[in-house]
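Participant: Encoded as structure tokens, here's the structure I'll be asking about.
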Amino acid sequence: VTASSAFAQAGTELVEIEPIKCWWRTSTSAVRTGESFDLRLTCAVVETEGAKVVADLSKLDPTVVQLPPFEVQGGTHAGDLVTAGKRFFQYDYRMRLIAEDAFGADVAVPPLEVTYSVESKVAGGDSVKGREQSYALPRASVKLISVVPDDTSDIREAPAAAFSVIEARD
């Protein structure tokens, strides 16, 4: 295993693959200051019989992650999805932009890194953990199209729940 790649055996040929690959998706490409939107992070990591990428997910939890000038209002971490040779994990964040000085500009999600190591199986069934490495998440941005709408009383005001939502909880 090298610092930037893992290897998978394909017949008698070695094929170089990325140990981790992530991408962002926003629910919208443009927002007003204080307007909530969703930001989804999806990552695919190598998971085979011979090698497994172990990512440190503690810094990605919605209760921990900080992404100024965005405010993380909450979020979820869905269960992992496992396919042949890959494991996918996903975080959904409910966000809002609280910067008023970026009108008309694309506001980038700040750089974030995922630390990981590669565990390799050796003879006898034991696992050997490789050195800790870092993966820089790709860039994502949202355009600020206006400051607070005229009918907003407070940009930090939490949205009121509809009666049907409250009733459904009971």
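So that you can scan it fast, the table gives a plain yes or no per residue for (1) part of a loop (DSSP other than H, G, I, E, B); (2) open to solvent by less than 70 Å² (accessible area, probe 1.4 Å); (3) in contact with a Gly (Cβ under 8 Å, 6 or more places away or on another chain):
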| site | (1), (2), (3) |
| --- | --- |
| 75 | no, yes, no |
| 104 | yes, yes, no |
| 107 | no, yes, no |
| 145 | no, no, yes |
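Participant: Could you say whether any residue in the range 82-92 is surrounded by fewer than 16 Cβ atoms within 10 Å (Cβ to Cβ) and touching a residue at least 60 places away in the same chain (Cβ under 8 Å)?
Facilitator: yes
Participant: Hey, another quick one. Quick check on my filter: what residues within the range 46-69 are part of a strand (DSSP E or B) and free of Cβ contacts under 8 Å to residues at least 60 places away in the same chain?
Facilitator: Answer for the range 46-69, where residues must be part of a strand (DSSP E or B) and free of Cβ contacts under 8 Å to residues at least 60 places away in the same chain: 47, 67.
Participant: Quick one: in the range 34-71, which of the residues that are touching a Cys at 6+ places or on another chain (Cβ under 9 Å) and not aliphatic (A, V, I, L, M) is surrounded by the fewest Cβ atoms within 10 Å (Cβ to Cβ)?
Facilitator: 42
Participant: Among the residues of the range 1-45, what is the count of those that are modelled with pLDDT under 60 and either closer than 19 Å to residue 65 by Cβ or part of a loop (DSSP other than H, G, I, E, B) (or both)?
Facilitator: Qualifying residue count, the range 1-45: 7.
The values are calculated or read from the model by the stated rules, or taken from the named source; none is laboratory data. Keep in mind the model is a prediction, meaning the values are calculated, not measured. A quick note on method: Cβ atoms are made from the backbone with ideal geometry, for glycine too, and the neighbour counts reach across all protein chains shown. The area values use the complete protein model at the heavy-atom level, side chains included, leaving out ligands, DNA and RNA. Shrake-Rupley method; radii C 1.70, N 1.55, O 1.52, S 1.80 Å.
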